Amino acid sequence: MSTTDRPASPGTRTDVDAAFRGHATYRSLGEQQLSEAEERFEKGRRTVGLFLAPVVTIVFALLPLDLPREQHLLAAVLLGVIVLWITEPVPIPIGGLIGVGVIALLGVVSGDDAVAPLGSTTVFTFIGAFILAQAMLKHGVARRFAMTILSLRWVGGSTARLIIAFGLITALLSAFVSNTATVAMLLPTAIGILSVIAKLLQQKELVAPDFDPLRLRVGVALMLMLAYGASVGGLITPVGSPPNLIGRGLIEEATGERIGFLSWMLMALPICALMFVALAAVLLLLNRPEIKRIEGVHEYVQQEREALGPMSRAEKNTLIAFGVTVAFWIFPGVIALTAGTDSDLYTEVGNRLDEGIVAVLGASLLFLLPTDWKARDFTLNWSDAAKIDWGTILLFGTGIIFGSLLASTGLAETIGNSSADALGLTNVFLITIFAVILAIIISETTSNTASAAVVVPIIIPVAVAAGVNPFVPALAATFAASFGFMLPVSTPQNAIVYGSGVVPITKMIRSGFSFDVLGAMLIVLLLPIMIGLVLDV
């Protein structure tokens, strides 16, 4: 973060726009405006983590557990890394890299095998989406979008209604566009909305002149609504999230029961609606906005929209690149609706229009569309693109690495089978609870896609061995795989909003844990009822 982009020092007036352009996922204590109590807590948390992480790793590695060497060491290192991620004694991306390095040094896998998952197209989705977001912030497109949402008559001047409306938009888009792509699309708008609110708070002198706009509670609520709302919306249709397709395929293979597109929607929609209500309650109660009503917001929005004037060439170019990217992100979902997810056309289009490849190609248009051809000026230059949050990209990359290792070493399967044996699961209700909890726990430290791919194959034989139909617990595991809201590495959308610099890790853990618990309860209680009503299984 450059000196000009840091929060203002005491006695100066904060430059809100500069603060959001220069955001960072990790800031040292000297880069933040903290109260004495907050500073004591932060110092204590980071100091404890510095010593606790190696102690946890070493002690667990020395325990006499009946595990293969690779699984034992991987579990020990992963526990230490989780401590580093939670306590932040070092920047969170560095915590992940330390873990990857230790894994290779201990010989769990070779160095080449350890870093291979960094080539995942999900990483390229981040890169392309962040570059597109950078252009939208630089040229004011995000601000235009923000003003449009703020001007909605239903939203009015209510901060809570604004957050809920933004969450509804996110959830509905996520039903047909991947969760990651949806959050990447809407992140610049969320930052634009937050900057408007921050300026209003500043104008009305409701915050100190040198306040830190990256530490507003309303910002935490808005950003987490973006990430979590996408996960909830992604459950509405089979194509809304990769775990849905993975779980549906595994269930059909094991039980012969086919879940159609419409049947899935009828089953999932009531559950997702209640999940959204629970989500709004959790976020607004735990992260109470600094102001309930933004008085004068309508007049302010009108003035700002007039001040923006007509669209510039750079804005139009940015919209072209953004529109092309979104169109290709959505297209596979359109094919799924018309031709079905089992069709060769859907498979072919989905393989070719991988969201990571689409993201980087769409971002590349920003360097090809000129704003002044004679001067050879283009919509974005590399110095702008280089400012994207590479730390978040590294962070999620290390999360992918650990997720891959959990599966390849068999540690995830060992955890599942050992837990099932120890708990003595004998009926469908207990197995469903176990399936949901296991899926959420694994989702916390790896991607939701990996969680579904690992947990559903574990749950099916556990249910069969207990003499119960595996359909309900396997589908519950599929739904729960889209959860895991406590850490930035839990889902790509968590990582993206964490990259905004607005959500402290402690706030993500608190809000995420609460929603994990409520979501798990809704899945366990409502999913069997909806399956019985819609699918008659």
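A simple count of charges around residue 479, restricted to other residues whose Cβ falls under 14 Å of its Cβ and scoring Lys, Arg +1 and Asp, Glu -1, yields 0.
Set against the labelled values (i) 37, 28, 23; (ii) 50, 30, 22; (iii) 81, 26, 23, semi-axes √(5λ) of the Cα gyration tensor in Å computed from this structure falls on (i). Kindly state, to the nearest 0.05, the FRET efficiency for residue 273 paired with residue 375, given R0 = 35 Å and r defined as their beta-carbon distance. Computed FRET efficiency for residue 273 and residue 375 comes out at 0.10.
Solvent exposure of residue 36, expressed as accessible area, is near 140 Å², computed with a probe of 1.4 Å over the protein chains only. Each Lys or Arg adds one and each Asp or Glu subtracts one; over the other residues with Cβ under 9 Å from the Cβ of residue 217, this totals +2. Name the longest site-free stretch of the chain, where the excluded sites are chymotrypsin sites (Phe, Trp or Tyr not before Pro) in a DSSP loop with no more than 13 other beta-carbon atoms within 10 Å. For chymotrypsin sites (Phe, Trp or Tyr not before Pro) (loop position, at most 13 other Cβ atoms within 10 Å), the longest site-free span of the chain is 155-372. Note on residue 104 and residue 357: the model spin-label points, each 7 Å out from Cα along the C-beta direction, lie 2.8 nm apart. With protein chains left intact and a 1.4 Å probe, residues in the chain average 41 Å² of accessible area per residue.
Near residue 158, the amide H atoms lying under 5 Å from its own belong to 294; only residues 5 or more places off or on other chains count, and H is placed 1.01 Å from N. Exposed loop sites here are trypsin sites (Lys or Arg not before Pro) assigned a DSSP state other than H, G, I, E or B and surrounded by at most 15 other beta carbons within 10 Å; excluding them, the longest clear run of the chain is 377-537. Report, in degrees rounded to the nearest 10, the 0 to 90 angle that the Cα long axis of helix 355-364 makes with the longest principal axis of the chain. Long axis of 355-364 versus the principal axis of the chain: about 20 degrees. Counting only DSSP H runs of at least 4 residues, each contributing -39500 (n - 2.57), and dividing by the residue count of the chain, the helix-based mean residue ellipticity at 222 nm comes to -22500 deg cm²/dmol. The stretch between residue 343 and residue 50, if pulled fully straight at 0.36 nm per residue, gains 100.3 nm over its current Cα-Cα span.
Taking all protein chains as shown and a probe of 1.4 angstrom, residue 118 keeps an accessible surface of around 60 Å². Round to the nearest 10 and give me the degree value, 0 to 90, for the angle of helix 69-87's Cα axis relative to the longest principal axis of the chain. The helix 69-87 is inclined about 30 degrees to the chain. Taking 0.36 nm per residue of sequence separation and removing the Cα-Cα distance, the residue 208/residue 258 pair yields an extension gain of 12.2 nm. Out of the total accessible area of the chain (probe 1.4 Å, heavy atoms of protein only), what percent is carbon and sulfur? Ligands and nucleic acids excluded, carbon and sulfur reach 64 percent.
Heavy-atom accessible surface of residue 530, to the nearest 10 Å², is about 30 Å², with a 1.4 Å probe and all protein chains retained. The distance between label points at residue 430 and residue 290 comes to 5.2 nm (points 7 Å beyond Cα on the Cα→Cβ vector).
Neighbours of residue 314, meaning other residues whose beta-carbon lies under 10 angstrom from its beta-carbon, give a summed charge of 0 when Lys and Arg score +1 and Asp and Glu score -1.
The values are calculated or read from the model by the stated rules, or taken from the named source; none is laboratory data. Keep in mind that this is a model prediction, so the values were computed, not measured. Here the Cβ is made from the backbone with ideal geometry for all residues, glycine too, and neighbour counts use every protein chain on show. Note: accessible area is taken over every heavy atom of the protein model, side chains too, but ligands, DNA and RNA are not part of it. Shrake-Rupley method; radii C 1.70, N 1.55, O 1.52, S 1.80 Å.
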